[in-house]
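Below you'll find the structure, written out as structure tokens, and then a few comments.
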Amino acid sequence: MLTKTHFVLGQRCHKALHFNIFLPELAKQSSNLELKLRREGIEVGKYARSLYPEGILIDSKDVEVALKETQKNIIEGALTLFEAAFHVDDVVIRTDILTRQSVDDPWRLYEVKATTYKSNDEARKEDIRQDIAIQVWVLQKSGIILEGVYLMHLNSECIYPNLDSLFFSKDYWPEISPVLAEIPTELEKLKKVLQNQAIPNVSLGTHCEHSQGCSFKNTCWNHIPKPSVFDIPNCRQRWNHFKKGRVAVHQLSESDFQSSTHHRVLKCYQDDEPFFDKQMAREMLQQWQYPLSYFDIEAIAYPIPRYPNSSPYQNLPFQFSCHIQRDENSELEHYEFLHDENNDPRSAFIQKILEVIPQSGSIVVYHQTYEISRFKELVRDFPEHAQAINDLIPRVVDLKKVIMDTVYYPAFLGSFSIKTVAPVLLGEGASYHHLEVGDGIDAMLSYQKMLNLGSPDSRKWKIKKSLLEYCKQDTLLMVHLHQWLLNK
């Protein structure tokens, strides 16, 4: 049987559906991001169900049992069902919320998503259309009369503690109407894919770069050379080049690109030589002023806000690391903060940064958009500290921009992430492989796990230590990368 997940995946890529059904062992291991998204989906789904206290949850994982329980509850007059199961023409669906006013009224379908609508790109919105459309098709074929179909998503303008406006329900009839008529044809295509059992001949394409990723990308892309047109940063014409069979860098020429950055990167690949603009690096770094505060923030984002003046998925800073060099010859100082209590971390965070960061000099970050955004949110939500935090913003300088504008090594392979750049320029000792916490998503998950543990638990201390080591690594590598630039 096809599930709605299979249907959506098949609409995106027949080959991915084939692998999912017949060769699941080819799927890469679930990432921390996927784990985080699943947890958030469960949390938001439970909260949505709490809005219908009379609702009945069909919780059996056995499809046959769930189908029988669904029909039994409908016959007995249930007004709201969660995870109701329906099966038509080898397609099985489970609905998030199916509700009606009385036994004589038609039903309303609510598909719950743990996202804000504006956070979804066009590819994700197309997935949602397909997801809801296949549910409506099965329900209608099952004799369920619908008076409304809604996408129930998080409202980005909801502010805690007023959670009455946490969800916004968008009428989805207009979105799915054009899709419904095509479903029988699309189902036939997918059934042929599954009946054939041969790997479908599907070319690489934009579907491979879906915002939620593809578990089988490594399998399909293993013939793409390194480096390739896909390793040229922000190359919007990459798929046009691919369709023309121009994938390897030796198949490309400078005339294929207009950007000087792209020219530089292509030359690095073709010559297998690094690029370094000493003069520009010198001019950019000369604008930095001592004392230098190398600064990094870690933040957590909850789908359902839990603290005053916070909204869904607002980043709440809970940790920072700061290495300070007072002048060229002074010893490096290190300061750090990690809020380890299960409450709003922002007030303590603000107090500590204002205590630690000197009142003058440059604040060195890596990707300034992130840190500046956090500062601006703190200004908005804590007006009593607005002046002091606002004074920090003009002092922020971006080490990443210096590297992007002046340095390129073939081993970057299109990435300017500090996790890529640092090991290339400084050696493998500058990697994150030895750390228990390895990236920002891992930091969020570890932080939440730490908060959920009781104080006398030794695991809490270990997680705290790992979080501090991770954040410290970020700022220490900034120090070393800055020194590398100066030495060059």
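The values are calculated or read from the model by the stated rules, or taken from the named source; none is laboratory data. Worth saying up front: this structure is predicted, and the values here are computed from it rather than measured. Every residue, glycine among them, receives a Cβ derived from its backbone with ideal geometry; neighbour counts consider all protein chains shown. Note: accessible area is taken over every heavy atom of the protein model, side chains too, but ligands, DNA and RNA are not part of it. Shrake-Rupley method; radii C 1.70, N 1.55, O 1.52, S 1.80 Å.
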Once phi for every residue in region 175-182 is put through the Karplus expression 6.51 cos²θ - 1.76 cosθ + 1.60 (θ = phi - 60°), the whole-Hz ³J(HN,Hα) values, with Gly and Pro written as x, are 6, 9, 3, x, 7, 4, 5, 8
How do 339-346, 173-180 rank on mean C-beta neighbours within 10 Å, highest first?
-> 339-346, 173-180
Rounding to the nearest 20 debye, state how big the charge dipole of region 267-326 is about its Cα centre with +1 on each Lys and Arg Cβ and -1 on each Asp and Glu Cβ.
-> 360 debye
Förster-model FRET efficiency, 30 Å R0, residue 251 and residue 121, C-beta, rounded to 0.05 | 0.50
If you roll a 1.4 Å probe over the heavy atoms of the protein chains, what accessible area per residue do you get for the chain, in Å²?
-> 50 Å²
Give the long-range amide H neighbours of residue 318: residues separated by 5 or more places, or on another chain, with amide H under 5 Å away, using H modelled in the peptide plane at 1.01 Å from N.
-> 298, 299, 300
Among all the lysines, which ones have a C-alpha under 25 Å from residue 449's C-alpha, if same-chain residues fewer than 8 places away are not counted?
-> 28, 36, 46, 113, 352, 419, 460, 462, 464, 465, 472
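For the chain, which whole percent of the accessible surface, found with a 1.4 angstrom probe, sits on carbon and sulfur atoms?
Details: 11690 of 24180 Å².
Of the solvent-accessible surface of the chain, carbon and sulfur hold 48 percent.
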Counting only DSSP beta bridges fully inside the chain, the antiparallel percentage to nearest 5 is 65 percent
Two-decimal Rg/Rh across region 122-255, once Rg and the Kirkwood Rh are taken from alpha-carbon atoms | 1.10
Give the long-range amide H neighbours of residue 182: residues separated by 5 or more places, or on another chain, with amide H under 5 Å away, using H modelled in the peptide plane at 1.01 Å from N.
-> none
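Can you work out D for the chain in µm² s⁻¹ from Stokes-Einstein, where Rh is the Kirkwood radius over C-alpha pairs, the temperature is 37 °C and the viscosity is 0.692 mPa s?
Working: Rh = 26.0 Å.
Calculated translational D: 126 µm²/s.
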Counting only protein heavy atoms and leaving out ligands, DNA and RNA, the solvent-accessible surface of residue 90 at a 1.4 Å probe, in Å² to the nearest 10, equals 90 Å²
Lys pairs under 23 Å by Cα in region 139-274, provided they are eight or more residues apart or on distinct chains | 14
Quick one: angle between helix 346-356 and the longest Cα principal axis of the chain, in degrees between 0 and 90, rounded to 10, please.
-> 10 degrees
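Add -39500 (n - 2.57) for each DSSP H run of 4 or more in the chain, then divide by its residues: what number comes out at 222 nm, to the nearest 500 deg cm²/dmol? Show your work: numbers first, answer last.
Values: 18 runs with 212 residues, N = 488.
Using -39500 (n - 2.57) per qualifying helix, the result is -13500 deg cm²/dmol.
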Estimated vicinal HN-Hα couplings, Hz - region 290-296 in sequence order (Karplus 6.51, -1.76, 1.60; Gly, Pro = x) | 6, x, 9, 10, 7, 10, 9
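May I ask you to work out the translational diffusion coefficient for region 60-201 at 25 °C, viscosity 0.890 mPa s, via Stokes-Einstein with Rh from the Kirkwood sum over Cα pairs, reported in whole µm²/s?
The calculation lands on 147 µm²/s.
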Which one of 263, 397, 201 is farthest out on the positive end of the charge dipole of the chain, using unit charges on Cβ (Lys, Arg +1; Asp, Glu -1) and the Cα centre as origin?
-> 201
How far is helix 122-141 tilted, in degrees, relative to the longest principal axis of the Cα atoms in the chain, given as a value from 0 to 90 rounded to the nearest 10?
-> 10 degrees
Region 154-222, Kirkwood Rh and Cα Rg, ratio Rg/Rh at 1.17
Farthest toward positive dipole pole in the chain [+1 Lys/Arg, -1 Asp/Glu at C-beta], among 441, 304, 388 = 441
Provide the per-residue ³J(HN,Hα) series for region 39-47, in order, calculated from phi with Karplus coefficients 6.51, -1.76, 1.60 and θ = phi - 60°, each as a whole number of Hz, with x at glycine and proline positions.
-> 4, 5, x, 5, 4, 5, x, 5, 5
Near the amide H of residue 86, under 5 Å away, which other amide H atoms are found, from residues 5 or more places off or on another chain, if H is placed in the peptide plane?
-> 93
Degrees, to the nearest 10: 458-487 long Cα axis against longest axis of the chain | 50 degrees
Peptides 420-426, 55-61: what's the order by average Cβ count within 10 Å, highest mean first?
-> 420-426, 55-61
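Take peptides 196-206, 462-472, 385-395 and line them up by average Cβ neighbours within 10 Å, highest first, as a rough protection proxy. Mind dumping the intermediate values first?
Details: 196-206: 12.0, 462-472: 18.6, 385-395: 14.8.
Ranked by mean Cβ neighbours within 10 Å, highest first: 462-472, 385-395, 196-206.
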